[in-house]
Amino acid sequence: MSEETEKPTPETTEKSVAKQEEVIELPALEKGLSEKLTSKFGEKTSIAFVKENRVRVDVKKEDVHDVAEFIRDEMNFDHVESVTGVDFPDDKEIEVVYHIGSYTDNSLANQVLTLATRAPREDIPIPGKDGTRLPTLRDIFYSVEFHEREVFEMLGVYFDGHPDNRRLLLPEDWADLPPLRKDFAIKGR
């Protein structure tokens, strides 16, 4: 080490730590949306992240319907843009993720509110006849109709109360695992 190179001292170390601990200011609109949800639902919701144009809310399956209704009625989000799912075989759960937006409120035009919940995952699924179930959001957001059908078909999550839980892409006589499950294997590979 040359004499010109400065050795770290406790003072310089504290300064570098202080720089690393700078508080990031959350965008005002997104912060307000997340606070509105937590003030209404408290421990029933968990804000996973807040960043510009994005807020993610995690909620238990028992509360997803109430939270979705509040998001529509009190927060002015009026449609679901997409619904997707993620298989977590180690956790024995399947996560269903709704991306919710607004056509009618210009202040929310660029916002995507992500609502996520999890259903128990059966090792040997019998879609519609096992515990991998969630309440449908079809009565709150009409736009989920085909998205929930696809999640039912591809991951095996049955949506209680959905008016049309039947296959959308696969043949009606599909007898294998849902194809987006991690343990699904393509035959011949």
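Taken together, the values in this text are just the output of simple stated rules run on the coordinates, not laboratory data. These figures come from a predicted structure and were not determined experimentally. Heads up, the Cβs are rebuilt from the backbone with ideal geometry, glycines too, and the neighbour counts pull from every protein chain shown.
Take the conditions surrounded by fewer than 18 Cβ atoms within 10 Å (Cβ to Cβ), under 15 Å from the mean Cα position of the chain (by Cα) and closer than 14 Å to E30 by Cα and apply them to V97. Does it pass? Break it down stepwise before answering.
Working: surrounded by fewer than 18 Cβ atoms within 10 Å (Cβ to Cβ): yes; under 15 Å from the mean Cα position of the chain (by Cα): yes; closer than 14 Å to E30 by Cα: no.
No; evaluated as a whole, the condition is false for this residue.
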So which strands (runs of 3 or more DSSP E) are wholly in the range 96-189 and hold at least 2 residues that are touching a residue at least 60 places away in the same chain (Cβ under 8 Å)? 112-120, 133-135
Which residue pairs have Cβ atoms under 7 Å apart, sit 6 or more places apart or on different chains, and have a first residue in the range 52-68 that is without any contact (Cβ under 8 Å) to a residue 12 or more places away in the chain and a second that is assigned to a loop (DSSP other than H, G, I, E, B)? none
Take the range 25-51 and flag every residue that is free of Cβ contacts under 8 Å to residues at least 60 places away in the same chain, assigned to a helix (DSSP H, G or I) and crowded, with 19+ Cβ neighbours inside 10 Å. S34, L37
Among the residues listed as E150, E95, E81, the single one being charged (D, E, K, R) and farther than 22 Å from S34 by Cβ: E150
Subset of the range 126-147 (residues that are touching a helix residue (DSSP H, G or I) at 6+ places or on another chain (Cβ under 7 Å) and charged (D, E, K, R)): R138
